[in-house]
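The values are calculated or read from the model by the stated rules, or taken from the named source; none is laboratory data. All of these numbers come straight from a predicted model, not from anything done at the bench. Note: ideal-geometry Cβ built from the backbone for every residue, glycine included; neighbour counts use all protein chains shown.
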Amino acid sequence: MSATVVDGNAQGAALRARVAEAVRGLRARGVTPGLAVVLVGEDPASRVYVKNKSARTVEAGMRSFDHKLPADASEAEILDLVRRLNADEAVDGILVQLPLPPHIAPAKVLLAIDPAKDVDGFHPVNAGRLATGQKALVPCTPLGCVILAKSVHPSLAGMEAVVVGRSNIVGKPVAQLLLAESCTVTIAHSRTRDLPAVCRRADLLVAAVGRPEMIRGGWIKPGATVIDVGINRVPNPAAGDGKTKLVGDVAFAEAAEVAGAITPVPGGVGPMTIACLLRNTLQAACDRRS
Ligand code: GUN
């Protein structure tokens, strides 16, 4: 392996420590930031994320408000909860865990969140602010990707960046953030022609497709920086007993032979997402009072 492995665990912990330090300062002035997390239903992965978020929020010195609704909660109930959280002075950030059950329209719920408390950065007002270069609450995973990329290249200006994936949650906002960093940005997706050739142009490759190990070593430009957003659970025959393991969207071992720097899965982008959520909650708490 020739690539430097970018340590998201260490960088996530460092960012959380900086947030905790700032929270100590706020608390000394009588302000304790609060994050409300809304979980609808019993999705096992979502339950784990939410538990983790609450623990990290409290560790950072903030208040955590967990709201669990049953899988058959109505849209009206969820909207009513969001409106109450919007009006609650103790709540600086609101996160509605996705995915929502199929009978709930996520766009309607996200639209109901006060943009000033939208710590996920999913509200169209924040997406629009990001796209037009205004101060915004920025989606956490994309922000984590850019922080990791900048730990390798403090200036990303002029780099050829290829983002594989066009979701509202990762692909589009990470492309906007990289554009704001003066990268030349290509967004590739499932209909892109000759995806390997497009990826090989990238000095900075961000993989956010949700397909295990789709991006192969031969798709990577020698020396490129590779940020792998994928978290895919796959069978692990080597471990036996029907065990599973987590892999990214990039075939790590192959890619690490070619890349200059690469994020691992797990331990890369994942820990940055939660650290950025705490950072956004701190930002919302400060901005709401300024
Ligand atoms: N589900 C998986 N990742 C996320 C995230 O970053 N925010 C929300 N709200 N739901 C998610």
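Which is closer than 24 Å to A224 by Cβ, without any contact (Cβ under 8 Å) to a residue 12 or more places away in the chain and over 14 Å from the mean Cα position of the chain (by Cα), of P102, P154, P106? Please lay out each step first, then the result.
Numbers: P102 fails: closer than 24 Å to A224 by Cβ; P106 fails: closer than 24 Å to A224 by Cβ.
Sole residue among the options that is closer than 24 Å to A224 by Cβ, without any contact (Cβ under 8 Å) to a residue 12 or more places away in the chain and over 14 Å from the mean Cα position of the chain (by Cα): P154.
Among D203, D228, which is the only one that is touching a Pro at 6+ places or on another chain (Cβ under 8 Å), charged (D, E, K, R), under 20 Å from C145 (Cβ atoms) and crowded, with 17+ Cβ neighbours inside 10 Å? Walk me through how you get there before you give the answer.
Working: D203 fails: touching a Pro at 6+ places or on another chain (Cβ under 8 Å).
Step by step, each of D203, D228 is checked, and only D228 is touching a Pro at 6+ places or on another chain (Cβ under 8 Å), charged (D, E, K, R), under 20 Å from C145 (Cβ atoms) and crowded, with 17+ Cβ neighbours inside 10 Å.
Of everything in the stretch 90-108, what is touching a Lys or Arg at 6+ places or on another chain (Cβ under 9 Å) and loosely packed, with under 13 Cβ neighbours inside 10 Å? Give them in sequence order. Spell out how you get there, then give the answer.
Start the filter on the stretch 90-108 by keeping residues that are touching a Lys or Arg at 6+ places or on another chain (Cβ under 9 Å), which leaves 90-95, 97.
A90 - this is the single residue of the stretch 90-108 that is touching a Lys or Arg at 6+ places or on another chain (Cβ under 9 Å) and loosely packed, with under 13 Cβ neighbours inside 10 Å.
Tell me which strands (runs of 3 or more DSSP E) are completely within the stretch 183-290 and hold 1 or more residues being within 16 Å of the ligand (Cβ to nearest atom) and closer than 28 Å to A14 by Cβ, or say none if there are none.
Details: elements: 184-188, 204-207, 225-228, 232-235, 244-247.
Fully inside the stretch 183-290 and qualifying: 204-207, 225-228, 232-235, 244-247.
Within the stretch 124-144, does at least one residue satisfy the condition of being in contact with a Leu (Cβ under 6 Å, 6 or more places away or on another chain) and more than 14 Å from the ligand (Cβ to nearest atom)?
yes
Go through the residues of the stretch 87-108 one by one and say whether even a single one is within 16 Å of the ligand (Cβ to nearest atom) and either of a type in the set (K, R) or not assigned by TED's automatic domain parsing to the domain that holds L69 (or both).
Yes, some residue in the stretch 87-108 is within 16 Å of the ligand (Cβ to nearest atom) and either of a type in the set (K, R) or not assigned by TED's automatic domain parsing to the domain that holds L69 (or both).
Can you name every residue in the stretch 154-171 that is closer than 19 Å to G12 by Cα and surrounded by fewer than 16 Cβ atoms within 10 Å (Cβ to Cβ)? It would help to see each step written out before you state the result.
Filtering the stretch 154-171 for residues closer than 19 Å to G12 by Cα gives 154, 170.
Result: P154, single match.
Could you say whether any residue in the stretch 36-53 is under 25 Å from L26 (Cβ atoms), basic (K, R) and in contact with a helix residue (DSSP H, G or I) (Cβ under 7 Å, 6 or more places away or on another chain)?
Checked the stretch 36-53: at least one residue is under 25 Å from L26 (Cβ atoms), basic (K, R) and in contact with a helix residue (DSSP H, G or I) (Cβ under 7 Å, 6 or more places away or on another chain).
Being within 14 Å of the ligand (Cβ to nearest atom) and within 25 Å of A116 (Cβ to Cβ) is true for just one of V48, V31, V38. Which residue is that?
Values: V48 fails: within 25 Å of A116 (Cβ to Cβ); V31 fails: within 14 Å of the ligand (Cβ to nearest atom).
None of the others qualify; the one that does is V38.
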